[in-house]
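The values are calculated or read from the model by the stated rules, or taken from the named source; none is laboratory data. Note that the structure is a prediction, hence the values are computed from the model and not measured. Virtual Cβ from ideal backbone geometry, glycine too; neighbours counted across all protein chains shown. For the accessible areas, the whole protein counts, side chains as well, though only heavy atoms, and no ligand, DNA or RNA atoms are used. Shrake-Rupley method; radii C 1.70, N 1.55, O 1.52, S 1.80 Å.
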Amino acid sequence: MNNVVEFLGLLGEAWGKFEETKWLLPVPLVMSLMDYDKVTRTLHLKGFHFGIRFPLPEPSPTLWSFVSLPAGASGTTFSPEGLMFTALLVLFGSYLQAGYIGSIRDEVLMRDSSFLKNAERDFLEFLQFNLVLYAVMMLLILFLMALPSMFFPAFLGLMIFLYAIYGTPFLISIRGLKFRDALIESLNLAKRGGEYLDYALKYLAIGALISVPMTFIVMNTGAFGLAVGLFLAAPIAITLSTATVIFFIDLPQSSQTKRKP
């Protein structure tokens, strides 16, 4: 199998589908605004901030996939208000992601698309994925609160974890797998490396390049910068999501465990 991914070609193909997928622009916008903690931290930031993020493929990138917030405690994560918004983000976000990726899949394959049907079909599988993801993130936060000196090993561990599982939601939607089967298939792909690794590294590199100006604009120009960031991030998010869907549609299939779409 050829291990080299023509990433720019995938981006070009994804952008060529933008006319068909642009009706999904509200999804990354809504999900960006639903991350209440990051919105409030951005609007209340004092002083200058410059940073970079290293995003790996995810089902629905948001503005915060490309914006580096200042280090430190989030301030609302463990408050009743923060927990409520986190629960909303996990529940409603899983529903939106299921409909979003399923609809992009249908547009790429040029077949009739129903956001609601896609969301209904895969909601529970996406919910399981996000519950695992957020559980690991919360454990990591607690770990770093106890041992802040372990930041860099924890960061490396998180990147490896995100790399290993990033294929899961796409395999759920594209191959019709249950969460457990999709997770196992994603882990197998991650172990083999090849195109799965190459795609992740190139996605990370492009995301990091985008994050530098995006962080500068959003974090240093107040509400205006936040609005500009939201406006810029949505089409970028759809293009990257579409590129990842195309990548997984074209990726040779090794798992035989499927459910009917």
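Just reorder LYS178, LYS117 by solvent-accessible area, largest first, 1.4 Å probe, all chains present.
My answer, sorted largest first, is LYS117, LYS178.
Dipole size in debye (nearest 20) for the chain around its Cα centre, Lys and Arg Cβ +1, Asp and Glu Cβ -1?
Using Cβ point charges on Lys, Arg, Asp and Glu, the chain gives about 340 debye.
Take the Cα radius of gyration of the chain and divide it by 2.2 N^0.38 Å, with N its residue count; two decimals is plenty.
Output field value: 0.98.
Cβ under 13 Å from LEU24's Cβ, LEU24 left aside: what net charge do those residues give with Lys, Arg +1 and Asp, Glu -1?
Computed value for this residue: -1.
If you roll a 1.4 Å probe over the heavy atoms of the protein chains, what accessible area per residue do you get for the chain, in Å²?
About 49 Å² of surface per residue is accessible.
Using the Kirkwood formula on the Cα atoms of the stretch 69-178, what hydrodynamic radius do you get, in angstrom to one decimal?
It is 15.6 Å.
Over the Cα atoms of the stretch 142-204, what radius of gyration and what Dmax do you get, in Å?
According to the Cα coordinates of the stretch 142-204, Rg and Dmax are 14.0, 42 Å.
By how many nm would the segment from LEU43 to ALA71 lengthen if fully extended, with 0.36 nm per residue of separation less the alpha-carbon distance?
Extra length from LEU43 to ALA71 when fully extended: 8.5 nm.
With every protein chain left in place, what is the accessible area of ASP250 in Å² (1.4 Å probe, nearest 10)?
About 110 Å², ignoring ligands and nucleic acids.
What do you reckon, how do TRP15, TRP64, TRP23 stack up by accessible area (1.4 Å probe), largest on top?
Accessible-area ranking of TRP15, TRP64, TRP23, largest first: TRP15, TRP23, TRP64.
Mind scanning LYS17/LYS202; LYS22/LYS202; LYS178/LYS202; LYS22/LYS191 and naming the pairs with a C-alpha gap bigger than 31 Å?
Values: LYS17/LYS202 20 Å; LYS22/LYS202 24 Å; LYS178/LYS202 28 Å; LYS22/LYS191 34 Å.
Pairs exceeding the cut-off: LYS22/LYS191.
Expressed as a rounded percentage, what relative contact order does the stretch 123-199 have, with Cα pairs under 8 Å and six or more residues apart?
30 percent
Note down the net charge around ILE238, summing +1 for each Lys or Arg and -1 for each Asp or Glu among other residues with Cβ under 12 Å from its Cβ.
-1
Take VAL245, VAL30 and sort them by solvent-accessible surface of the protein heavy atoms, 1.4 Å probe, largest at the top.
Descending order: VAL30, VAL245.
At q = 0.09, 0.12, 0.16, 0.21 Å⁻¹, what is the log10 ratio I(q)/I(0) for the stretch 93-247, with the Debye formula run over Cα points and no solvent?
Values, matching the q order: -0.35, -0.63, -1.10, -1.40.
Assuming R0 = 25 Å, can you tell me the calculated FRET efficiency for the pair ASP250 and LYS22, based on Cβ-Cβ distance, to the nearest 0.05?
Plugging the Cβ-Cβ distance into 1/(1 + (r/R0)^6) gives 0.65.
May I ask for the net charge around MET110, where only other residues with Cβ less than 11 Å from the Cβ of MET110 are counted and Lys, Arg are +1 while Asp, Glu are -1?
That sum, taken over residues with Cβ under 11 Å, equals -1.
Compute the FRET efficiency between TRP15 and LEU116 as 1/(1 + (r/R0)^6), taking r as their Cβ-Cβ distance and R0 = 30 Å, and round to the nearest 0.05.
About 0.70, to the nearest 0.05.
Quick one: pull the percentage of alpha-carbon pairs in the stretch 16-64 with a separation above 14 Å.
Numbers: 769 of 1176 pairs.
Tail of the P(r) past 14 Å holds 65 percent of the pairs.
For VAL132 and LEU8, compute 0.36 nm times the residue count separating them, minus their Cα-Cα distance, and round to one decimal in nm. Display every interim value, and only then the final one.
On the way: separation 124, 0.36 × 124 = 44.64 nm, distance 3.13 nm.
Here the segment from VAL132 to LEU8 would lengthen by 41.5 nm.
Name the residue from TYR36, PHE7, VAL245 whose Cα lies farthest towards the positive end of the charge dipole of the chain, charges +1 on Cβ of Lys and Arg and -1 on Cβ of Asp and Glu.
Final value for the positive-end residue is TYR36.
What is the chain's relative contact order, in percent, from Cα pairs under 8 angstrom and six or more apart in sequence?
36 percent
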